[in-house]
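Colleague: Quick one: the structure is below, questions incoming.
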Amino acid sequence: MITFSIITCTFNAEHELQRTLDSVYEQTYPNVEHLILDGLSQDATMALARDYQQKCAEADSGHQVVVVSERDGGLYDAMNKGIRKATGDYLIFLNAGDVFPSSETLEHVAVGFADGETLPGVLYGDADIVNDEGNFLRHRRLRPPKTLSWRSFREGMLVCHQSFYARTDLARENLYDLRYRYSADVDWCIRVMKAAEKQGLVLKNVGEVLVNYLDGGMTVKNHRASLLERFRVMSHHYGLLSTVAMHLWFVVRAVLKK
């Protein structure tokens, strides 16, 4: 049976965190490790995390919870700490406020793996967007293709970060590049997919929504800086001319849709 390491990075997240903890707790799949990496929150975040840790221990559900609160260098640095600590086969990044669509989401993902089978480099699926209260807003505009490769992201980040389950060994060899402040997740996904291709590992579309994620985040709050940085990421991986041509197409496409 495959194992999942869920990584939740928090900082003063008392308003959003509980529904994420409840969502992980309610997963019927037993082989789950939940790593909560807190950046020295000043609110009730740690109290919620500790209560949840004790609740999981008493439930004997098979879920293992690790809670760490220490200074970090920002979100991507905290994610790297989570990658280094993870012991599962696959990583799932679930931010405070994000939830699984159902209690059987991980059960569905884990179905169909035969003993001794080479595990795919990435498991991926769809994503829906919810508001600050956890209510459904809309389906994510970009949809994952049936067949994914690292070249697919030339058209944008077709797979949401939270619905991109990377094999832990690939992720550990390709940590987040801390030179990027807003788009290290795009760069990371591309590098993980490149590493999977190099090893001849498939990328598997599980064919369902894997996360309801919270609208907003760093890239929305810092939209312009994020777009510029993402252009740098795309130019690095796909070349400047190709990236410019693709962005011109984005503009034309937007005009044609009006």
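The values are calculated or read from the model by the stated rules, or taken from the named source; none is laboratory data. Predicted, not measured: the structure shown is a model, and the values here were computed from it. Here the Cβ is made from the backbone with ideal geometry for all residues, glycine too, and neighbour counts use every protein chain on show. Please note that ligands, DNA and RNA were not included when accessible areas were found on the heavy atoms of the full protein model with its side chains. Shrake-Rupley method; radii C 1.70, N 1.55, O 1.52, S 1.80 Å.
Colleague: Can you send over the carbon and sulfur percentage of the accessible area for the chain, probe radius 1.4 Å, protein chains only?
Modeller: Accessible surface attributable to carbon and sulfur in the chain totals 52 percent.
Colleague: To continue, here is another question. Under a 1.4 angstrom probe, counting protein chains only, how are T87, T8 ranked by accessible area, largest first?
Modeller: The ranking, largest first, comes out as T87, T8.
Colleague: Then there is this: List, in the order given, every pair from K55/K85; K81/K146; K81/K194; K146/K194 whose Cα-Cα distance in the structure shown is over 24 Å.
Modeller: K81/K146
Colleague: Set the Förster radius R0 to 30 Å, insert the Cβ-Cβ distance between E133 and L227 as r into 1/(1 + (r/R0)^6), and round the FRET efficiency to 0.05.
Modeller: After rounding to 0.05, the efficiency reads 0.60.
Colleague: In degrees from 0 to 90, rounded to the nearest 10, what is the angle of the helix 45-59 Cα long axis to the longest principal axis of the chain?
Modeller: Around 60 degrees separate the two axes.
Colleague: Going by Cα centres, the range 1-75 and the range 112-130 are how many Å apart?
Modeller: Rounded to whole Å, the Cα centres lie 22 Å apart.
Colleague: Please work out the average accessible area per residue across the chain, using the 1.4 Å probe convention, and give it in Å².
Modeller: 49 Å²
Colleague: When only the heavy atoms of the protein chains count and the probe is 1.4 Å, how do R151, R181 rank by accessible area, highest first?
Modeller: Output order, biggest surface exposure first: R181, R151.
Colleague: While we're on this one: Spelling out what I want: for every residue of the range 97-103, take phi, set θ = phi - 60°, compute 6.51 cos²θ - 1.76 cosθ + 1.60 (Karplus), and round to whole Hz; glycine and proline get x.
Modeller: Each residue of the range 97-103 in turn: x, 7, 9, 6, x, 8, 6 Hz.
Colleague: Moving on. Restricting to bridges with both residues inside the chain, how much of the DSSP beta-bridge set is antiparallel, in percent to the nearest 5?
Modeller: Antiparallel bridges make up about 25 percent of those DSSP assigns within the chain.
Colleague: Quick check: pseudo-label points 7 Å beyond the Cα along Cα→Cβ at N12 and S149, how many nm apart are they?
Modeller: Spacing of the two 7 Å Cα→Cβ label points: 4.6 nm.
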